[in-house]
1. Is it true that some residue in region 65-78 is touching a Gly at 6+ places or on another chain (Cβ under 7 Å) and modelled with pLDDT of 75 or more?
2. Quickly run through region 90-108 and pick out the residues that are in contact with a helix residue (DSSP H, G or I) (Cβ under 6 Å, 6 or more places away or on another chain) and within 16 Å of LEU157 (Cβ to Cβ).
3. Could you tell me whether region 163-175 includes any residue that is at pLDDT 85 or above and under 15 Å from PRO68 (Cα atoms)?
4. In region 69-82, which residue that is surrounded by fewer than 20 Cβ atoms within 10 Å (Cβ to Cβ) and hydroxyl-bearing (Ser, Thr, Tyr) is nearest to the chain's Cα centre (by Cα)?
5. So which residues in region 122-167 are outside any helix (DSSP H, G or I) and of a type in the set (Ser, Thr, Tyr), if there are any at all?
6. Out of THR85, THR47, report the one residue that is surrounded by fewer than 18 Cβ atoms within 10 Å (Cβ to Cβ), modelled with pLDDT under 70 and of a type outside the set (Lys, Arg).
7. Checking SER66 against (1) within 14 Å of the chain's Cα centre (by Cα); (2) in contact (Cβ under 8 Å) with a residue 40 or more places away in the chain, which test does it fail?
Amino acid sequence: MKKNLIKSPIARQILSLSLPLALSSALHPLFSFVECTLAVHLLTAGTLSQTAQYGIYAGAAASLLSLPLVLATSVCTALLPRMATDYSNARAEESFTLTLAVLLPFCLYYLAFADELSAFLYASLPQAERRILSQLLRIGTVATVLTALSNTAIANLVALKKNARCALFMLIGLSVRLFALLLLLKPCGVYALPVAEILGTAVSATLNFIYLHKLSGYVFKPSCGAAVAFSAAVCLLLMQAVRLLHLSTFFSLASSATVFFTLYGICFLLPFLKKQKSTDR
(Lines give C-alpha, C1' and ligand atoms only; values in the text may rest on other atoms or scores of the structure.)
Protein backbone atom coordinates (compact mmCIF):
# COMPACT_ATOMS: atom_id res chain seq x y z
CA MET A 1 0.00 0.00 0.00
CA LYS A 2 2.77 2.41 0.97
CA LYS A 3 4.81 1.54 -2.12
CA ASN A 4 1.81 2.12 -4.37
CA LEU A 5 1.18 5.47 -2.68
CA ILE A 6 4.77 6.62 -3.26
CA LYS A 7 4.68 5.49 -6.89
CA SER A 8 1.41 7.25 -7.66
CA PRO A 9 1.64 10.30 -9.98
CA ILE A 10 -0.06 12.58 -7.45
CA ALA A 11 2.39 11.65 -4.69
CA ARG A 12 5.35 12.20 -7.02
CA GLN A 13 4.02 15.59 -8.03
CA ILE A 14 3.53 16.61 -4.42
CA LEU A 15 7.04 15.45 -3.50
CA SER A 16 8.60 17.20 -6.50
CA LEU A 17 7.01 20.46 -5.39
CA SER A 18 7.34 20.17 -1.62
CA LEU A 19 10.87 18.77 -1.21
CA PRO A 20 12.67 21.69 -2.94
CA LEU A 21 10.59 24.17 -0.93
CA ALA A 22 11.42 22.34 2.30
CA LEU A 23 15.12 22.34 1.39
CA SER A 24 15.03 26.05 0.56
CA SER A 25 13.34 26.81 3.89
CA ALA A 26 16.02 24.87 5.76
CA LEU A 27 18.99 26.44 3.96
CA HIS A 28 18.68 29.99 5.29
CA PRO A 29 18.48 29.15 9.03
CA LEU A 30 21.37 26.74 8.60
CA PHE A 31 23.45 29.36 6.79
CA SER A 32 22.61 32.00 9.43
CA PHE A 33 24.02 29.67 12.09
CA VAL A 34 27.20 29.09 10.07
CA GLU A 35 27.56 32.83 9.35
CA CYS A 36 27.18 33.73 13.02
CA THR A 37 29.78 31.13 14.04
CA LEU A 38 32.28 32.25 11.42
CA ALA A 39 31.79 35.93 12.21
CA VAL A 40 32.34 35.54 15.93
CA HIS A 41 35.48 33.43 15.41
CA LEU A 42 37.08 35.13 12.39
CA LEU A 43 36.33 38.81 12.95
CA THR A 44 39.32 40.72 14.25
CA ALA A 45 38.70 42.28 17.64
CA GLY A 46 39.64 45.96 17.59
CA THR A 47 37.95 48.67 19.58
CA LEU A 48 34.82 46.48 19.44
CA SER A 49 34.53 42.79 20.28
CA GLN A 50 33.62 40.28 17.57
CA THR A 51 30.19 39.75 19.15
CA ALA A 52 29.48 43.50 19.22
CA GLN A 53 30.48 43.90 15.58
CA TYR A 54 28.24 41.05 14.47
CA GLY A 55 25.43 42.35 16.67
CA ILE A 56 25.49 45.72 14.89
CA TYR A 57 25.07 43.96 11.55
CA ALA A 58 22.60 41.20 12.46
CA GLY A 59 20.64 43.08 15.11
CA ALA A 60 20.48 46.66 13.85
CA ALA A 61 21.26 46.84 10.12
CA ALA A 62 19.49 43.60 9.17
CA SER A 63 16.33 44.55 11.07
CA LEU A 64 16.07 47.87 9.19
CA LEU A 65 16.77 46.25 5.82
CA SER A 66 14.19 43.53 6.43
CA LEU A 67 11.25 46.00 6.22
CA PRO A 68 11.46 46.79 2.47
CA LEU A 69 12.41 43.17 1.73
CA VAL A 70 9.32 41.83 3.51
CA LEU A 71 7.09 44.28 1.63
CA ALA A 72 8.64 43.37 -1.73
CA THR A 73 8.40 39.63 -0.99
CA SER A 74 4.73 40.08 -0.07
CA VAL A 75 4.14 41.50 -3.55
CA CYS A 76 5.66 38.34 -5.08
CA THR A 77 3.51 36.12 -2.87
CA ALA A 78 0.34 38.01 -3.81
CA LEU A 79 1.08 37.74 -7.54
CA LEU A 80 2.04 34.04 -7.49
CA PRO A 81 -1.47 32.51 -7.87
CA ARG A 82 -2.26 34.67 -10.90
CA MET A 83 1.11 33.90 -12.51
CA ALA A 84 0.66 30.18 -11.89
CA THR A 85 -2.73 30.08 -13.63
CA ASP A 86 -1.98 32.50 -16.49
CA TYR A 87 1.79 32.97 -16.90
CA SER A 88 3.15 35.34 -19.51
CA ASN A 89 6.10 37.68 -19.96
CA ALA A 90 3.76 40.58 -19.22
CA ARG A 91 2.97 39.01 -15.84
CA ALA A 92 6.70 38.57 -15.20
CA GLU A 93 7.41 42.21 -16.03
CA GLU A 94 4.55 43.30 -13.76
CA SER A 95 6.01 41.30 -10.87
CA PHE A 96 9.50 42.79 -11.22
CA THR A 97 8.20 46.33 -11.70
CA LEU A 98 5.97 46.11 -8.62
CA THR A 99 8.82 44.66 -6.57
CA LEU A 100 11.13 47.53 -7.47
CA ALA A 101 8.35 50.09 -7.08
CA VAL A 102 7.85 48.97 -3.47
CA LEU A 103 11.52 48.39 -2.65
CA LEU A 104 13.51 51.23 -4.21
CA PRO A 105 11.99 54.18 -2.28
CA PHE A 106 13.00 52.59 1.03
CA CYS A 107 16.49 51.73 -0.20
CA LEU A 108 17.10 55.22 -1.60
CA TYR A 109 15.82 56.73 1.64
CA TYR A 110 18.16 54.49 3.63
CA LEU A 111 21.08 55.56 1.44
CA ALA A 112 20.34 59.25 1.91
CA PHE A 113 19.44 59.23 5.61
CA ALA A 114 21.45 56.34 7.05
CA ASP A 115 23.25 58.61 9.53
CA GLU A 116 20.01 60.19 10.79
CA LEU A 117 18.25 56.81 11.09
CA SER A 118 21.14 55.35 13.05
CA ALA A 119 21.27 58.36 15.39
CA PHE A 120 17.51 58.34 16.02
CA LEU A 121 16.78 54.62 16.32
CA TYR A 122 19.99 53.67 18.13
CA ALA A 123 20.78 56.80 20.12
CA SER A 124 22.20 54.73 22.98
CA LEU A 125 25.02 53.39 20.80
CA PRO A 126 28.38 55.20 20.84
CA GLN A 127 29.11 57.38 17.83
CA ALA A 128 31.72 54.94 16.46
CA GLU A 129 29.18 52.11 16.43
CA ARG A 130 26.53 54.30 14.82
CA ARG A 131 29.02 55.14 12.08
CA ILE A 132 29.58 51.43 11.43
CA LEU A 133 25.82 50.88 11.38
CA SER A 134 25.32 53.67 8.82
CA GLN A 135 27.93 52.19 6.51
CA LEU A 136 26.51 48.68 6.88
CA LEU A 137 23.04 50.05 6.12
CA ARG A 138 24.24 51.71 2.92
CA ILE A 139 26.07 48.60 1.71
CA GLY A 140 23.16 46.39 2.73
CA THR A 141 20.70 48.25 0.51
CA VAL A 142 22.45 46.78 -2.54
CA ALA A 143 22.07 43.27 -1.12
CA THR A 144 18.41 43.99 -0.35
CA VAL A 145 17.66 44.99 -3.95
CA LEU A 146 19.41 41.88 -5.30
CA THR A 147 17.61 39.63 -2.81
CA ALA A 148 14.22 41.08 -3.73
CA LEU A 149 14.89 40.61 -7.45
CA SER A 150 16.09 37.05 -6.82
CA ASN A 151 12.94 36.31 -4.78
CA THR A 152 10.75 37.65 -7.59
CA ALA A 153 12.60 35.52 -10.13
CA ILE A 154 12.07 32.52 -7.84
CA ALA A 155 8.34 33.30 -7.69
CA ASN A 156 8.26 33.27 -11.50
CA LEU A 157 10.10 29.94 -11.63
CA VAL A 158 7.77 28.46 -9.00
CA ALA A 159 4.84 29.55 -11.17
CA LEU A 160 6.49 27.57 -13.97
CA LYS A 161 6.88 24.59 -11.59
CA LYS A 162 10.69 24.73 -11.47
CA ASN A 163 11.07 24.46 -7.70
CA ALA A 164 14.08 22.15 -7.84
CA ARG A 165 16.10 24.65 -9.90
CA CYS A 166 15.22 27.40 -7.43
CA ALA A 167 16.62 25.33 -4.56
CA LEU A 168 19.74 24.49 -6.57
CA PHE A 169 20.44 28.15 -7.47
CA MET A 170 19.87 29.17 -3.86
CA LEU A 171 22.36 26.54 -2.70
CA ILE A 172 24.94 27.80 -5.23
CA GLY A 173 24.42 31.40 -4.10
CA LEU A 174 24.80 30.51 -0.43
CA SER A 175 27.97 28.53 -1.23
CA VAL A 176 29.46 31.58 -2.98
CA ARG A 177 28.44 33.72 -0.01
CA LEU A 178 30.12 31.33 2.41
CA PHE A 179 33.32 31.24 0.34
CA ALA A 180 33.36 35.05 0.17
CA LEU A 181 32.95 35.25 3.93
CA LEU A 182 35.93 32.96 4.49
CA LEU A 183 38.05 35.14 2.19
CA LEU A 184 36.90 38.59 3.33
CA LEU A 185 36.19 38.41 7.07
CA LYS A 186 39.81 38.82 8.12
CA PRO A 187 40.81 41.70 5.78
CA CYS A 188 37.46 43.55 5.62
CA GLY A 189 36.05 42.96 9.08
CA VAL A 190 32.32 43.30 9.66
CA TYR A 191 31.83 44.88 6.22
CA ALA A 192 32.56 41.48 4.70
CA LEU A 193 29.10 40.32 5.83
CA PRO A 194 27.02 42.55 3.51
CA VAL A 195 29.63 42.32 0.73
CA ALA A 196 29.49 38.51 0.82
CA GLU A 197 25.70 38.71 0.78
CA ILE A 198 25.86 40.91 -2.32
CA LEU A 199 28.16 38.45 -4.11
CA GLY A 200 26.14 35.36 -3.21
CA THR A 201 22.79 36.93 -4.00
CA ALA A 202 24.08 38.34 -7.29
CA VAL A 203 25.11 34.83 -8.37
CA SER A 204 21.78 33.23 -7.45
CA ALA A 205 19.79 36.10 -8.99
CA THR A 206 21.80 35.86 -12.22
CA LEU A 207 21.21 32.11 -12.44
CA ASN A 208 17.49 32.59 -11.80
CA PHE A 209 17.25 35.24 -14.52
CA ILE A 210 19.20 33.17 -17.04
CA TYR A 211 17.02 30.12 -16.45
CA LEU A 212 13.83 32.21 -16.56
CA HIS A 213 14.95 33.67 -19.90
CA LYS A 214 15.70 30.16 -21.18
CA LEU A 215 12.21 28.95 -20.23
CA SER A 216 10.05 31.90 -21.26
CA GLY A 217 12.25 34.26 -23.24
CA TYR A 218 11.69 37.00 -20.65
CA VAL A 219 14.27 39.80 -20.59
CA PHE A 220 14.52 41.86 -17.40
CA LYS A 221 13.31 45.39 -18.27
CA PRO A 222 10.99 46.72 -15.56
CA SER A 223 9.37 50.01 -16.52
CA CYS A 224 10.33 52.07 -13.50
CA GLY A 225 13.42 53.98 -14.64
CA ALA A 226 11.62 57.31 -14.28
CA ALA A 227 10.54 56.42 -10.75
CA VAL A 228 14.11 55.56 -9.77
CA ALA A 229 15.47 58.84 -11.17
CA PHE A 230 12.67 60.81 -9.50
CA SER A 231 13.20 59.09 -6.14
CA ALA A 232 16.96 59.63 -6.22
CA ALA A 233 16.58 63.33 -7.10
CA VAL A 234 13.99 63.94 -4.36
CA CYS A 235 16.13 62.09 -1.81
CA LEU A 236 19.19 64.17 -2.60
CA LEU A 237 17.23 67.44 -2.45
CA LEU A 238 15.61 66.49 0.87
CA MET A 239 18.94 65.40 2.33
CA GLN A 240 20.57 68.72 1.45
CA ALA A 241 17.58 70.72 2.70
CA VAL A 242 17.43 68.89 6.02
CA ARG A 243 21.14 69.30 6.66
CA LEU A 244 21.16 72.98 5.69
CA LEU A 245 18.24 73.74 8.01
CA HIS A 246 19.90 71.93 10.97
CA LEU A 247 16.61 70.35 12.06
CA SER A 248 16.37 67.88 14.92
CA THR A 249 16.90 64.23 14.01
CA PHE A 250 13.29 63.23 14.60
CA PHE A 251 11.79 66.17 12.72
CA SER A 252 14.22 65.81 9.81
CA LEU A 253 13.37 62.10 9.43
CA ALA A 254 9.62 62.59 9.83
CA SER A 255 9.36 65.56 7.46
CA SER A 256 11.63 64.10 4.78
CA ALA A 257 9.88 60.70 4.88
CA THR A 258 6.44 62.32 4.64
CA VAL A 259 7.40 64.50 1.68
CA PHE A 260 9.35 61.78 -0.11
CA PHE A 261 6.84 58.92 0.13
CA THR A 262 3.86 61.20 -0.57
CA LEU A 263 5.45 62.55 -3.75
CA TYR A 264 6.51 59.07 -4.81
CA GLY A 265 3.03 57.67 -4.30
CA ILE A 266 1.31 60.52 -6.15
CA CYS A 267 3.75 60.80 -9.05
CA PHE A 268 4.48 57.13 -9.73
CA LEU A 269 2.78 54.48 -7.63
CA LEU A 270 -0.86 55.57 -8.04
CA PRO A 271 -0.61 56.10 -11.84
CA PHE A 272 1.15 52.73 -12.15
CA LEU A 273 -1.56 50.90 -10.18
CA LYS A 274 -4.30 52.58 -12.22
CA LYS A 275 -2.55 51.53 -15.41
CA GLN A 276 -2.31 47.92 -14.21
CA LYS A 277 -5.99 47.93 -13.21
CA SER A 278 -7.08 49.17 -16.65
CA THR A 279 -4.81 46.57 -18.32
CA ASP A 280 -6.39 43.74 -16.30
CA ARG A 281 -9.83 44.82 -17.45
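The values are calculated or read from the model by the stated rules, or taken from the named source; none is laboratory data. Nothing here was measured: the structure is a model prediction, and the numbers come from that model. Please note: Cβ atoms are built from the backbone with ideal geometry, for glycine as well, and neighbour counts cover all protein chains shown.
1. yes
2. Within region 90-108, ARG91, ALA92, SER95, PHE96, THR99 meet the criteria.
3. no
4. Here the answer is SER74.
5. Matches in region 122-167: TYR122, SER124.
6. Result of the check over THR85, THR47: THR47.
7. Evaluating SER66 over (1) within 14 Å of the chain's Cα centre (by Cα); (2) in contact (Cβ under 8 Å) with a residue 40 or more places away in the chain leaves (2) as the failure.
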